[in-house]
Amino acid sequence: MKKIFLIVACISSLFTLAQSTGDFYIQNYTPHYIEFYLTKSNLTDPATNCSPTLEARSLTNGLLRLSYSPSPSIISTDALYTANVNNTFATSTAFPTTPVVGSWIVNSNYANPYYSPSPILSTFSNVTSYHGIKFGVQDVSGVNIGGYYFMGEGCNLPTITTDLTYDPAAVIEGSYFSFGGAKWVVLY
């Protein structure tokens, strides 16, 4: 089943902006809400702890929320975050189910988030790339049932967390990979 989802994700990426670079796609095939934040960092500079590091947050510095699948295992609820973080503050016409980012937290400075439009965010977008997602799982009533999980690359870490096998108690499965110049997370 895992291979089928990965094949479907790869094929769909060929037909949906696969030529773009630096974007981040999420496909939720689960019957659950996914609450998350994305991270962007300068992974090419581990000497500075990969600074700057950005976290996508809701307007209240909380987690973004992607809805559950209308038909689990068959149809996904999708999200797309473009490489330029200033484009994440508005609803996506191509992916209207994408949760809108309310603010970006830079270097864990929660007291001073950045809002749109911000010239400094454009600068940070040019030197950072998406590299991970941290998320929790809620049932359709909004009750937390799992998490928080991480998939992606970390600063100064030799390995990439490509799936949730590191947590045998995970309530869903997921895969993280790069394809077509973008990062992908498929949850099932």
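The values are calculated or read from the model by the stated rules, or taken from the named source; none is laboratory data. Nothing here was measured: the structure is a model prediction, and the numbers come from that model. Because the Cβ atoms are built from the backbone with ideal geometry, glycine has one as well, and the counts that use them run over all protein chains shown.
Tabulated data
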{"read-out": "All positions within segment 133-188 that are charged (D, E, K, R) and assigned to a strand (DSSP E or B)", "value": "134, 153, 163, 183"}
{"read-out": "First in segment 101-121 and within 14 Å of residue 53 (Cβ to Cβ), second anywhere and among the basic types (Lys, Arg) and part of a loop (DSSP other than H, G, I, E, B), Cβ under 6 Å, 6 or more apart", "value": "none"}
{"read-out": "Selection count where residues are in a loop (DSSP other than H, G, I, E, B) and more than 15 Å from the chain's Cα centre (by Cα), scope segment 77-91", "value": "2"}
{"read-out": "Test: residue in segment 181-188 that is in contact with a strand residue (DSSP E or B) (Cβ under 9 Å, 6 or more places away or on another chain), surrounded by fewer than 19 Cβ atoms within 10 Å (Cβ to Cβ) and either at pLDDT 95 or above or not acidic (Asp, Glu) (or both)", "value": "no"}
{"read-out": "In segment 69-81, residue farthest from residue 42 (Cα to Cα) [restricted to those that are surrounded by 19 or more Cβ atoms within 10 Å (Cβ to Cβ) and not small (Gly, Ala, Ser)]", "value": "77"}
{"read-out": "Members of segment 161-178 that are surrounded by 15 or more Cβ atoms within 10 Å (Cβ to Cβ) and among the hydrophobic types (A, V, I, L, M, F, W, C)", "value": "164, 170, 171, 172, 177"}
